[in-house]
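One structure is given here, and the rest of the page talks about it.
The values are calculated or read from the model by the stated rules, or taken from the named source; none is laboratory data. From a predicted model like this one, the values you see are computed outputs, not experimental measurements. Here the Cβ positions follow ideal geometry from the backbone for every residue, glycine too, while neighbour counts run over all protein chains shown.
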Amino acid sequence: MRPSKITTEKLTILYVTMARIPGERAHSIQIARMCSALQESGSNVILISPNRGDEFTRKATMKDIKKYYGLKTPFRHFKVPILGIFNEDVRVENLSWLIMAWTLAPFTLALYMALKFFLRRNIYIYVREPLLYIMLTLSGWLVKPKIIYEIHELPPFLKDGPRFFWSLMEQSHLIICIAQALSDLVRSHLNKGKERVFTLHDAVDDEIFNMEYTCPDELASIKKKYRIIMYAGHLDRWKRPEFLIDMMKYLLESDVALVFVGGKEEDISRLRQYVAVNGLNEKVFFLGWRAPAQVPRYLAFADVLVHYSPPGKALSPLKIFEYMLSGSPIVAPNAPGVEEVLKDGVNALLFDPHDPADAAEKVTLLLKDKELGRILATNARNTALSKYTYKVRARTLLELLNNISIQERY
């Protein structure tokens, strides 16, 4: 199945990113699934990304990308050759990011102008990296492209300035924030264009959960002996997965284990040492990285799914949306962004993000009260299907663009 022909009747979106596509990080997953949903919703989508990464990433076809992410609808994908000089020297790596942005921005603007010449209307540039957004805005001052800027977090240096960046942001055609708290913060810094700031939470691909799974062998062997508390995702230091290991100190039942699905080898090695120091080798297991399309196979067989990241670090983590469709009950921190989606006692149980004992208490309650877990899991699934799928997100974005277009005519 190929993407449909680009026509003047359809809205065209050039989604440009510095991320590796395909790639294992959450932002590349979100980008690919959003592009697929926008294409399925009737748009012409062209994803522009740098041709970097390992051999698989550099040579991946759209067929490979569909399989890797579990996508239903293909889209066009341009890989732009870039000069990459990534190494342990921070200064050299920063230079490499600048070169990448300088390369991608002119390419995107040239394609934008060509499509605008032939199609005349309904062309937008979609971007989510601040550096690339700055390059596009500055480079396109004569073209004045319609830019959709999606914000996932504000770097600390931007929260109180500089004013220059906020002035650039006021030129956006549309600003999408992934949490209401972030939308409020952005509006507070803008002098104009506040009415074009909207909240669109992250989402989940309901297609990959809409099938029957068998329990993976490595997980099945653990389930023979333990009830499973599961965390799926990366294990970077900033995410503080050690918190969940600390939580296990307060779970005294011998038949309960914490299973991590995901993470790089160096992060797993670090956490194994932490587990050993705390004497929890028999209660914590690491299954390693799994392709995004495979993760639902694991989530479906957890007794409890647990999320954790320090407050303010991840306003709309992708994993909570996948958790919501899994059919397993969720325990998560009562933190900004998360509490906008997960409601304590309604579709999840929320704990004090500074207290691993409180997290253990919430997990224990769900392990003991199966009916409560069933009710919470059902509510979470219904909420996700009605509000937080990529289909809903894409449709909402297109409606926002249509409304702005109508307003501009009058």
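When we screen 338, 304 for residues that are surrounded by 19 or more Cβ atoms within 10 Å (Cβ to Cβ), of a type in the set (Val, Ile, Thr), in contact with a helix residue (DSSP H, G or I) (Cβ under 9 Å, 6 or more places away or on another chain) and under 27 Å from residue 266 (Cα atoms), the only hit is 304. Scan the stretch 25-46 for residues that are at negative phi, more than 11 Å from the chain's Cα centre (by Cα) and outside any helix (DSSP H, G or I) and the total you get is 5.
For residue 328, the conditions (1) in contact (Cβ under 8 Å) with a residue 40 or more places away in the chain; (2) assigned to a loop (DSSP other than H, G, I, E, B); (3) over 19 Å from residue 222 (Cβ atoms); (4) not β-branched (Val, Ile, Thr) are fulfilled apart from (3). The residues of the stretch 104-135 that are under 21 Å from residue 38 (Cα atoms), without any contact (Cβ under 8 Å) to a residue 60 or more places away in the chain and surrounded by 17 or more Cβ atoms within 10 Å (Cβ to Cβ), listed by number, are 109, 133.
Here's the yes/no breakdown for (1) at pLDDT 95 or above; (2) closer than 21 Å to residue 374 by Cβ:
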position	(1), (2)
285	yes, no
289	no, no
302	yes, yes
305	yes, yes
310	no, no
314	no, no
323	yes, yes
327	no, yes
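The criterion of at least 2 residues that are under 17 Å from the mean Cα position of the chain (by Cα) is met, among helices (runs of 4 or more DSSP H) falling completely within the stretch 177-292, by 180-189. As for the stretch 362-369, it holds no residue that is in contact (Cβ under 8 Å) with a residue 40 or more places away in the chain, among the hydrophobic types (A, V, I, L, M, F, W, C) and farther than 15 Å from residue 331 by Cβ. Taking the stretch 377-396 as the range and being free of Cβ contacts under 8 Å to residues at least 40 places away in the same chain and surrounded by 17 or more Cβ atoms within 10 Å (Cβ to Cβ) as the test, only 379 passes. Of the set (1) of a type in the set (Gly, Ala, Ser); (2) without any contact (Cβ under 8 Å) to a residue 60 or more places away in the chain; (3) surrounded by fewer than 24 Cβ atoms within 10 Å (Cβ to Cβ), all apply to residue 348 but (3).
Residue count for the stretch 20-35 satisfying the condition of being crowded, with 22+ Cβ neighbours inside 10 Å and in contact with a strand residue (DSSP E or B) (Cβ under 8 Å, 6 or more places away or on another chain): 5. Whether a residue is assigned by TED's automatic domain parsing to the domain that holds residue 124 and part of a loop (DSSP other than H, G, I, E, B) was assessed, and residue 72 passes this test.
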